[in-house]
1. I need the phi-derived Karplus couplings for the stretch 212-218: 6.51 cos²θ - 1.76 cosθ + 1.60, θ = phi - 60°, integer Hz, Gly and Pro marked x.
2. If you take the beta carbon distance between E271 and S87 as r and set R0 to 30 Å, what does 1/(1 + (r/R0)^6) give as a FRET efficiency, to the nearest 0.05?
3. Which of rounded, prolate, oblate describes the stretch 125-181, given a ≥ b ≥ c as roots of the alpha-carbon gyration tensor eigenvalues and a/c under 1.5 marking rounded, otherwise prolate only if a/b is larger than b/c?
4. Between Rg and the Kirkwood Rh of the stretch 210-276, both from Cα atoms, what is the Rg to Rh ratio?
5. Can you pull out the GluC sites (Glu not before Pro) in the stretch 73-152 whose DSSP state is coil and whose Cβ has at most 11 other Cβ atoms within 10 Å?
6. Determine the shape class of the stretch 101-253: with a ≥ b ≥ c the square roots of the Cα gyration tensor eigenvalues, call it rounded for a/c under 1.5, and otherwise prolate if a/b is greater than b/c, oblate otherwise.
7. So if each residue of separation counts as 0.36 nm, and I subtract the Cα-Cα distance between E283 and E77, what length gain in nm does that give?
8. Evaluate the relative contact order of the stretch 25-151 (contact order divided by residue number), counting alpha-carbon pairs under 8 angstrom at least 6 apart; express in whole percent.
Amino acid sequence: MMGSPCQDPCFLAPFPAIGSQAQGFFPERGDGRHSEELLAQGWTIMDNFFGKSAAEELFAEAESLHKRNLLGPHTFEFATQDGVRRSYHHDGRSFVDLDEGRIRKEVQKASPLLAELGGRQAYLLAEKWSAVNPSWALTAEAGTVQVKLQLTIGESGCAPCHYDTSDTAPSRQLTMLVYLGKDWDSACGGELQLLPFLQEPISIETRFDRAVIFLSDRLLHRTLPTRGEGLQRHRWLLTVWIDGLQVDRPQPGEQWGPLLQRLVAPAVYHEVYAEALADSFPEGEARQALLVAQAEEARELLEDAELSEMIGNLREVVAENTRPLTIEDIGGTESVCIACEAPSRTTATRGMMRGRGRGGDLQEDDDDDDQEAVSKGRADAGGSQRSRRRKGRRDNSCSPRSRSPPTPQKLMSPEFICDASG
């Protein structure tokens, strides 16, 4: 059952000066509701994550880093259609690495609590999540846990649609976002929007000390634009990514595999991708290059002989699920699994599953990614894997008889592709 966000304090114990154990995320501490939600639907929310006092200390350290100019600008590289790689600066966004091996000495000295969180505590967190579900095979070794603090200011700082697992971060299994904007409220906007595959989008208010935990390889997400007084306020985000050895592996009882999701998402959600890009960047060369490349990737997918009909059917399903939901809307409703089982290996799906889908390969940060994680460019996204497929087009004149979310097997069946009457 999907309930209201957890009100229990932090489970990152032992953590000097940070606080007590959580009651709710781990089965041995409370009812285990949040771990069950994460396993069942791919995401969960915990409010009062660190506890008021500890969260305020972390916020104070974050503000101190900003005042001392210890945050770096968020930049990324992008390969345009002519094959030229260009570096762009994402206005309104800056960040600092906190994990061991990448945290700078001056940052460590200026923010001891954040440094502790990005070091030993992050690995303890990975170990605890491993105990929640050993099947994820989460890793807690050097270089397998990444921690970042990000600041967004103004109207051009929101993140476009993306998955956290990508070609540049192929081992990410679990993402934790903790919002630390002390004076942030609902009037400020900047909601995190989750886009569970083929389901209604879910908008989550990024309130102070709220944590959102989700499966990195299965959940498309974006940031909605900041508005009102939020344009002048500081939107702080602490992100933890944990690698795993079972990334992209189908789970029992799941329907849509993560590889297939990420392959077709840029076309299935083409309009949402374009809207999110326009919201994320001001008018200029970067926005135009990204919009053109995204449109080209969607076009290639829609014209693919083996994918076009399936994508068209999926787009019809998504079109009926466009009303954004809030946490209040879904409180107390049945959880729906969004992570996906590998489809049956028909001729079409064998080609789809051969390579990693690139949906969201622009490595942005909301809720995500690091400065040096660069976009491959959507113009060439998926090209190599599609070129290996056997070409053979089905009759595209027929439409599905049902608008309920279809399974991969149903999409490939003659009954779904075309009415018997012809």
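The values are calculated or read from the model by the stated rules, or taken from the named source; none is laboratory data. Quick caveat, the model's predicted, so the values are computed rather than measured. For neighbour counting, all protein chains shown are included, and Cβ atoms are generated from backbone atoms with ideal geometry for every residue, glycine included. Only protein heavy atoms, including side chains, enter the accessible area calculation; ligands, DNA and RNA are left aside. Shrake-Rupley method; radii C 1.70, N 1.55, O 1.52, S 1.80 Å.
1. Working through the residues one at a time gives 10, 10, 8, 7, 5, 8, 10 Hz.
2. Computed FRET efficiency for E271 and S87 comes out at 0.60.
3. Details: a/c = 2.46, a/b = 1.80, b/c = 1.37.
Verdict is prolate for the stretch 125-181.
4. The Rg/Rh ratio comes out at 1.05.
5. E141
6. oblate
7. 72.4 nm
8. That works out to 21 percent.
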